[in-house]
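Read through the structure below, which is laid out as structure tokens, and then see the notes.
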Amino acid sequence: MERREQAVVPVERLAGVTRERFLSDIYPRRKPVVLKGMELGSCTTKWTVDYLSQAEGSKEVKIHVSAVPQMDFLSKNFVYRTLPFDVFVRRAAEVNHKEYFLSEDEKYYLRSVGEDVRKDIADIRKQFPTLAEDVQIPDYFEKEQFFSSVFRISSAGLQLWTHYDVMDNFLIQVTGKKRVALYSPRDAPYLYLSGTKSEVLDVDNPDLEKYPLFVKAKRYQCFLEAGDVLFIPALWFHNVISEEFGVALNVFWKHLPADCYDKNDTYGNKDPMAASRAIQILDRALKTLEELPEEYRDFYARRMVLRIQEKAYRNDYG
């Protein structure tokens, strides 16, 4: 079978973007953009392995450990373990380990969470207060819109599954390098979704027999270096590879009015309340269609799709 290549579009890179320009010109476009030269504080120079280890000491952190580079949240091909923070940082910075859980070349990933994951959001100021003093978060949104600041550390070579978030965010690359592949919300039909996640784990070498439509999805791609900030609009899918050991900070904020979001959502990845209700209604409608013979079920399902397209689809996507 002839292999088709997925279209790749470089993400726009802009330097010296002021708050005013971001809000008036860039933000309304609802497309990813890499912002360069932003004032982020002393973190980009101070956060060496030695400094990180000493700054937060031996406090215990819960981490993901994977024997393979591509972590898959759907199949759960990783385990959760707990380590002192200083031990974790040094292990994550290693390529091969003298001490390990699964294998000597295992990969590590920290995604900070609140003290009580059921009630508390991730906030670097609370979970890592010493490090928080080194960071200047770009104030390109109103303070009341702030949702969370997620501290992340990844081993070199680690790849995170493709997923979307329901809030806007800045991915601040503090140290190390990342490659980020992104897909427009409009390409959701080609991404083989299971909830908020895509089943296509290897976006570079996808199984096109299993996922034949994936090649239709247009990939937007960028490479982040220390000090770069990637704006990821809500609902944009992203797949991240850490090309080096690195530290990053995600800052999420509410693009919609606060009451649109699930108040019990501490991770910021639950669909807006209205969307959840609509999906529940659709599930009930599909269950009702099962009462009909196959020919009728097919016909009325197609009518429902046409009605959804007519009433809800946008016609002005770029």
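Values quoted throughout were computed directly from the atomic coordinates according to the rules given, and no laboratory measurement underlies them. This structure is a prediction, so every number in the text was calculated from the model and none was measured. Because the Cβ atoms are built from the backbone with ideal geometry, glycine has one as well, and the counts that use them run over all protein chains shown.
Tabulated data for the structure shown
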{"read-out": "Relative packing of 241-247, 24-30, which averages over residues the other C-beta atoms within 10 Å, highest first", "value": "241-247, 24-30"}
{"read-out": "Average Cα contact separation per residue, the stretch 9-260, under 8 Å, 6 or more apart, as relative contact order %", "value": "26 percent"}
{"read-out": "Gaussian network model of the chain, springs between alpha carbon atoms under 10 Å - residue of LEU52, LEU249, LEU160 with greatest fluctuation", "value": "LEU52"}
{"read-out": "Rounded if a/c under 1.5, otherwise prolate or oblate - the stretch 202-281, Cα gyration tensor axes", "value": "oblate"}
{"read-out": "Only Lys, Arg (+1) and Asp, Glu (-1) charged, at Cβ; the stretch 273-312 dipole about Cα centre in debye", "value": "280 debye"}
{"read-out": "Spherically averaged projected area in nm², based on the convex hull that wraps the Cα atoms of the chain", "value": "18.8 nm²"}
{"read-out": "DSSP-assigned coil residues among trypsin sites (Lys or Arg not before Pro) in the stretch 41-77, each with at most 14 further Cβ atoms within 10 Å", "value": "LYS59, LYS76"}
{"read-out": "Magnitude of the charge dipole, the chain, Cβ model with Lys/Arg +1 and Asp/Glu -1, debye to 20", "value": "600 debye"}
{"read-out": "Listed residues PRO257, PRO129, PRO69, most fluctuating in the chain (Gaussian network, C-alpha, under 10 Å)", "value": "PRO257"}
{"read-out": "Those GluC sites (Glu not before Pro) in the stretch 271-318 that DSSP places in a loop and that have at most 14 other beta carbons within 10 Å", "value": "GLU290, GLU291"}
{"read-out": "Over 24 Å (Cα to Cα) - which of LYS143/LYS218; LYS62/LYS178; LYS31/LYS218; LYS31/LYS197; LYS46/LYS98; LYS31/LYS119 fall in this group", "value": "LYS143/LYS218; LYS46/LYS98; LYS31/LYS119"}
{"read-out": "Per-peptide average of other Cβ atoms within 10 Å, ordering 106-113, 13-20 highest first", "value": "106-113, 13-20"}
{"read-out": "Residue-averaged 222 nm ellipticity for the chain, from DSSP H runs of 4+ at -39500 (n - 2.57), nearest 500", "value": "-6000 deg cm²/dmol"}
{"read-out": "Förster radius 30 Å - calculated FRET efficiency between ASP120 and GLU291, Cβ distance, rounded to 0.05", "value": "0.10"}
{"read-out": "Cα centroid of the stretch 242-318 to Cα centroid of the stretch 35-95, whole Å", "value": "32 Å"}
{"read-out": "Kirkwood hydrodynamic radius over Cα pairs of the stretch 273-312, then Stokes diffusion coefficient at 25 °C and 0.890 mPa s, in µm²/s", "value": "226 µm²/s"}
{"read-out": "Computed magnitude of the charge dipole of the stretch 91-208 (debye, nearest 20; Cβ of K, R +1, Cβ of D, E -1)", "value": "60 debye"}
{"read-out": "Residue among GLN70, GLN159, GLN136 with the largest mean-square fluctuation in a Gaussian network model of the chain, springs linking Cα atoms under 10 Å", "value": "GLN136"}
{"read-out": "Positive dipole terminus of the chain, leading residue within ALA181, LEU193, PHE73 (C-beta point charges)", "value": "LEU193"}
{"read-out": "Qualifying GluC sites (Glu not before Pro) in the stretch 31-66, DSSP loop, other Cβ atoms within 10 Å at most 15", "value": "GLU39"}
